[in-house]
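Participant: If you scroll down you'll find the structure; I have some questions about it.
A short reminder: the numbers here are calculations on the coordinates, not readings from a lab. Since the structure is predicted, the reported quantities are computational estimates derived from the model, not experimental observations. Here the Cβ is made from the backbone with ideal geometry for all residues, glycine too, and neighbour counts use every protein chain on show.
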Amino acid sequence: MSNLFNRDIISIKDLSSGDIDLILSESEKLIDVAEGNRKLNYLSGRILATAFFEPSTRTRLSFETAMHRLGGSVIGFAESKSTSTSKGETLADTIRVLSTYSDAIVIRHPNEGSARLAADYSDKPVINAGDGASQHPTQTLLDLFTIKREFGKLENLKVGIIGDLKYGRTVHSLSYALSMFGIEILLSSPSSLTMPPDVMEYCKTKTKINDVKLDYLIEEADVVYVTRIQKERFPDEEEYQSVSGSYKITRSHLIKAKSHMIIMHPLPRVDEISTDVDNTLHARYFRQSFYGVPVRMAILNIVLGGDVDG
Amino acid sequence: MDNEHFKVTPIKNGTVIDHIPAGNAFRILKIIGIDEDCKSTVSILINVPSRQLGSKDIIKIEDRELDDNELNKIALMASDATINIIRDKNVYEKKKVSLPDELTGIIRCQNTNCISNKKDEKMLPHIIVETRSPLRVKCHYCDRTIINPQDAILF
């Protein structure tokens with residue numbers, strides 16, 4: 001049994017590089033099941049609770065698909081209005097109850113630290129599907145899986161990250177993970193949305209990480225990871241308006257890019273990648289989005305103690 | 001605690017907090033909740049010459065023995081402080097303060113969007129001590145480092 005059995009996955013920093021390697025190799029084995037070409041019942045009779053206090057399309061539906069593809073069932077809610085939290089119930093109480101109904105809980109919540117709180121009160125494993133601007137570890141795992149599928153390795157690559165580095169939780173988790181594998185990180189963002197000092201400090205102890213100009217990043221990187229400016233994370237409208245639409249990757253930006261360079265995006269996209277990029281050889285964001293299913297299948301299967309060897 | 005200080009203001013029962021870095025006595029009084037409503041007699045000595053610290057502050061509180069939670073709070077401000085519990089004018093117990101690995105309900109997370117700052121959750125903040133010198137702590141929930149933790153102490 002893996003040491004991830006029955007474990008919470010709250011932050012990518014909770015995982016060792018060995019844990020990540022295991023999840024990625026198990027994900028690889030489940031691709032044909034994720035595509036619907038093979039059926040498995042590893043999690044038959046098991047129930048996943050999805051507690052989404054904030055809107056989500058890809059993350060929630062890919063977790064649900066992952067559970068169904070492995071023969072399990074799903075209960076849950078997709079907005080807090082339909083739960084007792086709207087009557088004043090605390091998150092701790094909601095989680096205590098959900099943990100008695102299910103075998104694992106996936107939580108998304110607008111407040112940072114909410115997933116850790118949930119894990120403190122749940123008898124069952126808790127998987128963080130995004131807590132405020134903090135962490136989104138399963139997105140990071142599918143990002144790593146995408147890179148590994150494309151390049152066959154994680155080592156000796158340069159990853160450029162563009163966009164809202166201050167509030168974007170996916171880029172915080174991703175930077176921690178990339179640095180864990182010694183992958184060089186190039187950053188480009190509006191000056192008011194730079195990477196938080198905590199994240200920079202951690203990454204600098206493990207890899208090279210530098211702010212660079214956008215054009216240089218696109219020329220140098222093997223992977224260009226673009227993020228959306230998330231209106232919902234800004235404390236005030238004025239701050240959001242000052243940076244909204246401040247960068248956009250178009251086909252003309254890609255002239256000097258390496259031929260093997262891939263563009264990733266956690267989606268949803270607004271206007272930070274022009275649609276004329278979608279049909280280039282560089283675009284991988286829709287494939288990346290699909291990889292959420294096999295990766296979340298692997299995570300659920302390992303955490304719930306399904307058949308790891310497949 | 002040397003005898004000279006007992007000669008100045010000996011107390012019969014209570015607590016003497018010694019080896020407070022000079023200038024911190026009033027902050028420590030605030031942390032342990034000694035204010036104008038306090039009924040105990042409290043003596044404060046400021047800038048007392050000290051071989052160990054150069055100069056130090058001393059607090060003497062009559063008829064009150066501090067509990068472990070209060071000692072933890074003092075450790076945040078004065079990691080080398082010593083606590084003397086006095087009973088019948090004698091030092092009954094001498095303790096060094098020590099900062100535990102985790103503290104609950106003492107330091108607030110500075111991230112306003114952290115779940116621990118949401119009143120509806122009716123919860124106490126919980127911090128992890130990462131290093132003691134220099135003092136570096138982070139929020140157990142949102143993982144953020146707390147800058148100048150002494151300024152985030154709950155009173």
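Participant: Could you list A:Leu165, A:Leu48 in order of exposure, starting from the residue whose Cβ has the fewest other Cβ atoms within 10 Å?
Facilitator: Details: A:Leu165 22, A:Leu48 26.
Arranged by neighbour count, lowest to highest, A:Leu165, A:Leu48 become A:Leu165, A:Leu48.
Participant: By how many nm would the segment from A:Arg287 to A:Thr275 lengthen if fully extended, with 0.36 nm per residue of separation less the alpha-carbon distance?
Facilitator: Residue separation times 0.36 nm, minus the Cα-Cα distance, leaves 2.8 nm.
Participant: With the Cα gyration tensor of chain A in hand, convert its eigenvalues to equivalent ellipsoid semi-axes via √(5λ) and list them largest first in whole Å. Could the numbers behind the result be given before it?
Facilitator: Working: eigenvalues 192, 106, 61 Å².
The three semi-axes for chain A are 31, 23, 17 Å.
Participant: In segment B:25-114, which trypsin sites (Lys or Arg not before Pro) fall in coil by DSSP and have 11 or fewer other Cβ atoms within 10 Å? Let's see the in-between values first.
Facilitator: Details: sites: B:Arg27, B:Lys30, B:Lys39, B:Arg51, B:Lys56, B:Lys60, B:Arg64, B:Lys73, B:Arg87, B:Lys89, B:Lys94, B:Lys95, B:Lys96, B:Arg108; in loops: B:Lys39, B:Arg51, B:Arg64, B:Lys89, B:Arg108.
Counting only loop positions with at most 11 other Cβ atoms within 10 Å, the trypsin sites (Lys or Arg not before Pro) in segment B:25-114 are B:Lys39, B:Arg51, B:Lys89.
Participant: Something else about it: Averaging over all projection directions, find the projected area of the Cα convex hull of segment A:75-140 and quote it in nm² with one decimal place.
Facilitator: On the way: hull surface 17.1 nm².
It is 4.3 nm².
Participant: What angle do you read, to the nearest 10 degrees and between 0 and 90, between the alpha-carbon axis of helix A:91-101 and the longest principal axis of chain A?
Facilitator: 60 degrees
Participant: How much net charge surrounds B:Glu130 when only other residues with a Cβ under 14 Å from its Cβ are counted (Lys, Arg +1; Asp, Glu -1)? Walk me through the numbers on the way to the answer.
Facilitator: Values: positive: A:Lys13, B:Arg132, B:Arg136, B:Lys138, B:Arg144; negative: A:Asp198, A:Glu201, B:Asp101, B:Glu102, B:Asp143.
Charge balance near B:Glu130 sits at 0.
Participant: Please order A:Ser191, A:Ser99 by the number of other Cβ within 10 Å, starting at the fewest.
Facilitator: Least crowded to most crowded, the residues run A:Ser191, A:Ser99.
Participant: Distance in nm between label sites at A:Phe5 and A:Asp21, each 7 Å beyond Cα in the beta-carbon direction?
Facilitator: Each label point lies 7 Å from its Cα, and together they span 2.1 nm.
Participant: With unit charges on the beta carbon (Lys/Arg positive, Asp/Glu negative), name the residue among A:Met67, B:Asn24, B:Ile58 whose Cα is farthest towards the positive pole of the charge dipole of the protein assembly as shown.
Facilitator: A:Met67
Participant: Loop only by DSSP, 10 or fewer other Cβ within 10 Å of the Cβ. Give me the trypsin sites (Lys or Arg not before Pro) in segment A:7-63 that pass, ordered by residue number.
Facilitator: Passing both the DSSP loop test and the Cβ count: A:Lys39.
Participant: If you line up the long axis of helix A:58-69 against the longest principal axis of chain A, both from Cα atoms, how many degrees apart are they, to the nearest 10?
Facilitator: Roughly 50 degrees between the two axes.
Participant: Right, here's the next one. For the residues A:Phe77, A:Phe53, what sequence is obtained by ranking on other C-beta atoms within 10 Å, fewest first?
Facilitator: On the way: A:Phe77 17, A:Phe53 22.
Lowest to highest Cβ neighbour count: A:Phe77, A:Phe53.
Participant: Follow-up question, since we're still on this one. In peptide B:118-126, how many Cβ atoms from other protein chains are near each Cβ within 10 Å, on average?
Facilitator: Values: counts 7, 0, 5, 9, 4, 6, 0, 1, 4.
What the average comes to for B:118-126 is 4.
Participant: Just the number, please: Stokes-Einstein D of segment A:226-310 in µm²/s, Kirkwood Rh from C-alpha pairs, 4 °C, 1.567 mPa s.
Facilitator: On the way: Rh = 15.5 Å.
Here the translational diffusion coefficient equals 83 µm²/s.
Participant: Charges on Cβ only, +1 for Lys and Arg, -1 for Asp and Glu, centred on the Cα centroid of chain A; of A:Thr85, A:Ile162, A:Ile302, which one is farthest towards the dipole's positive end?
Facilitator: A:Ile302
Participant: Counting other Cβ atoms within 10 Å of each Cβ, which GluC sites (Glu not before Pro) in segment A:1-100 have at most 16 and sit in a DSSP loop? Before the final figure, lay out the partial values.
Facilitator: Numbers: sites: A:Glu26, A:Glu28, A:Glu35, A:Glu64, A:Glu79, A:Glu89; in loops: A:Glu35, A:Glu79, A:Glu89.
Filter output for segment A:1-100: A:Glu35, A:Glu79, A:Glu89.
Participant: Another question, then. Going by a 4.7 Å Cβ-Cβ cut-off, which cysteines of chain B have no partner at all?
Facilitator: B:Cys38
Participant: Continuing with the same structure: Quick check: net charge around A:Phe52, other residues with Cβ under 11 Å of its Cβ, Lys/Arg +1 and Asp/Glu -1?
Facilitator: Values: positive: A:Arg60, A:Arg108; negative: A:Glu54, A:Glu64, A:Glu79.
Combined, the nearby Lys, Arg, Asp and Glu give -1.
Participant: Follow-up question, since we're still on this one. Applying 1/(1 + (r/R0)^6) with R0 = 45 Å to the Cβ-Cβ distance of A:Glu238 and B:Phe26, what FRET efficiency is obtained, to the nearest 0.05? Present the calculation step by step, with values, prior to reporting the outcome.
Facilitator: Values: r = 40 Å, r/R0 = 0.89.
Here the calculated transfer efficiency is 0.65.
Participant: Moving on. Percent relative contact order of chain A, based on C-alpha pairs within less than 8 angstrom and at least six residues apart? Don't skip to the answer; put the middle values down first.
Facilitator: Working: 603 pairs, mean separation 67.2, N = 310.
About 22 percent, as a whole number.
Participant: Another one. Kindly provide the Kirkwood hydrodynamic radius of segment A:137-289 in Å, to one decimal, from all pairs of distinct alpha carbon atoms. Each step should come with its number before you reach the end.
Facilitator: Numbers: mean 1/r = 0.0649 Å⁻¹.
By the Kirkwood definition, the hydrodynamic radius is 15.4 Å.
Participant: At B:Asp80 and A:Lys206, where each label point lies 7 Å from the Cα along Cα→Cβ, what is the point-to-point distance in nanometres?
Facilitator: In this crude spin-label approximation the distance works out to 3.7 nm.
Participant: Then there's this: In whole percent, what relative contact order does segment A:216-288 give with Cα contacts below 8 Å and a gap of six or more residues? Please list the in-between numbers first.
Facilitator: Details: 92 pairs, mean separation 29.5, N = 73.
Normalised by residue count, the contact order of segment A:216-288 is 40 percent.
Participant: Go from 0 up to the bin containing the longest alpha carbon distance in segment A:1-114, width 5 Å each, and give me the % of pairs per bin.
Facilitator: 2, 10, 17, 21, 21, 16, 8, 4, 1
Participant: Given an 8 Å cut-off on Cα distances and at least 6 residues of separation, report the relative contact order of segment A:30-163 as a percent. Present the calculation step by step, with values, prior to reporting the outcome.
Facilitator: Details: 201 pairs, mean separation 27.3, N = 134.
After rounding, I find 20 percent.
Participant: Over the Cα atoms of segment A:123-176, how large are the radius of gyration and the largest Cα-Cα distance (Dmax), in Å?
Facilitator: Expressed in Å, the Cα Rg and Dmax of segment A:123-176 come to 12.7, 40.
Participant: Compute the acute angle (0 to 90°) between the alpha-carbon long axis of helix B:68-77 and the principal axis of greatest extent of the alpha-carbon atoms of chain B; round to the nearest 10°.
Facilitator: Once rounded, the angle reads 80 degrees.
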